[in-house]
1. Measure up LYS354/LYS377; LYS151/LYS251; LYS186/LYS244; LYS244/LYS366; LYS344/LYS377; LYS251/LYS399 against 31 Å on the Cα-Cα distance and list the ones that go over.
2. Please list 3J(HN,Hα) in residue order for region 68-78, calculated via the Karplus relation 6.51 cos²θ - 1.76 cosθ + 1.60 where θ = phi - 60°; whole Hz, with x for glycine and proline.
3. For the chain, what's the radius of gyration and Dmax over Cα atoms, in angstrom?
4. Can you bin region 209-366 into rounded, prolate or oblate? Criterion: square roots of the alpha carbon gyration tensor eigenvalues sorted a ≥ b ≥ c, rounded for a/c under 1.5, prolate for a/b above b/c, oblate for the rest.
5. Among LYS151, LYS316, which comes first, then next, by fewest other beta-carbon atoms within 10 Å?
6. On a full-extension model of 0.36 nm per residue, what is the gain between ARG155 and SER45, subtracting their alpha-carbon distance, rounded to one decimal in nm?
7. Among HIS303, HIS224, what is the fewest-to-most ranking by other Cβ atoms within 10 Å?
8. Beta carbons within 10 angstrom, averaged per residue: use that to sort the peptides 323-330, 121-128, 155-162, highest first.
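Values in this text are rule-based calculations from the coordinates and carry no lab data. All values reported here derive from a predicted model rather than from experimental measurement. As a convention, Cβ positions derive from the backbone with ideal geometry for all residues, glycine included, and neighbour counts pool all protein chains shown.
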Amino acid sequence: MGKGTLREQNKLRRENKGRTMKDHLKENIRFVMKTDLRAGERSASGLPELLGANSRGRIGLVIDKGLYDNNDYCQEIATLLNDSLGQVVLLINEMVEPSYDYLDEVKSKFTEHDLDCFVGIGGGSTLDLTKGCATLQTNKGRAIEYRGFGKVRNRPLPVVALPSTAGTGSEVTPYAVFIDTVEKWKFGINTEYNYPQIAIYDPGLLDSCPTHIYASAGMDAMTHTLESYAAQNATPLSRIFSIKAFRLLFKNLKKIAGGDRSTGTKLDLLLGAGCAGIALMNSGAGPSGALSYPLGVYFDVPHGLAGSVFLPSVIKYNVGKGYTEYSELYDLVFETGTTSPAEKSERFADEIEKLSRELGIPTDLKGFGVETEQDLKLIIDNSMQLEAAFQQNPVKFGKEEIEKVVYSLR
């Protein structure tokens, strides 16, 4: 989540406190984007030639099971790779939220082969699993030994990432997130080495995507968009990507809610999610992302859906505490008139809540099995371990604020 260690994030937050975008223009800014991006209809069909041109003839191929079983185009790509390259070692990922134990279990499928690179095709969890497998081919020991920041000593095998959902942005970020089943915690193998070398956005990979996955993944990307935009560590450069992501996601998620599954809509969603991931990587995560983690660990809620549930409440809280910079995003998609920034921000919060409802995102936690006082306390206490994410919020968001948001959704 976010960039740098928790200590580094806290230091940046203190340094940035009270600064505006104009203040950032007076200082040096770092912006990172290390992945070669390719996009277009049937762009994935050129993968064999792309790999061959880069002397990547022996690959580990990780594909999401649901995608492999239901998407003819995905099977076509797998067949093309198998027929064109010297060796393809295939793993079908069946885990929605993979653990470090699962990563240790599946890595052995690849270790006996002298591979050149990995290709991951699927949602964020499958892409994270691909990055984890690539890391463990060159770094010995148990996967859990590499949990955290800066633990990876040797450069992983190169990764080519093809997202089949428009959500996490894993294809452009250096994080590979897994569940620690012993400590009951979700945290990543986070290293500068983990950027995929190439990301391919092909709308055909979304052909079999169910409506509820469009919704949860899309709102996950929207969460990244809005929290990166408002983050204390946001810069003029990161905001360019947040703003572009919002333009693409808001318009096209509305289309998805209305039943549109056109190629252009799917490609725009993929690009929007990618922009959101780049923005998040260069600014930092926020409260919605942090609150989602306990839901995944303790209640088996997919990450994208978990964060989406909290987002409208967090936006409304920020606006209620006087944060008005959402007005800039409001102006991008709505008639501006002469409304004040505060009124625009209030309307913006209402529109995000409306979009969430149109997409069928749950409005409370009961449907996830969060029913007792103990369940709510579990979410609150575990979320607080991600202090840096809450401190990134543009207004104060401590334990009291966490409790208010969580209890408002019971």
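1. Beyond 31 Å between Cα atoms: LYS151/LYS251; LYS244/LYS366; LYS344/LYS377; LYS251/LYS399.
2. Per residue, the Karplus-derived 3J(HN,Hα) values read 4, 6, 10, 10, 4, 5, 4, 5, 4, 5, 4 Hz.
3. Values for the chain (Cα only, Rg and Dmax): 20.4, 66 Å.
4. Taking the square roots of the gyration eigenvalues as a ≥ b ≥ c, region 209-366 is rounded.
5. So the ranking, lowest neighbour count to highest, is LYS151, LYS316.
6. 36.8 nm
7. With the sparsest Cβ surroundings first, the list reads HIS303, HIS224.
8. With the highest mean Cβ count within 10 Å placed first, the list reads 121-128, 155-162, 323-330.
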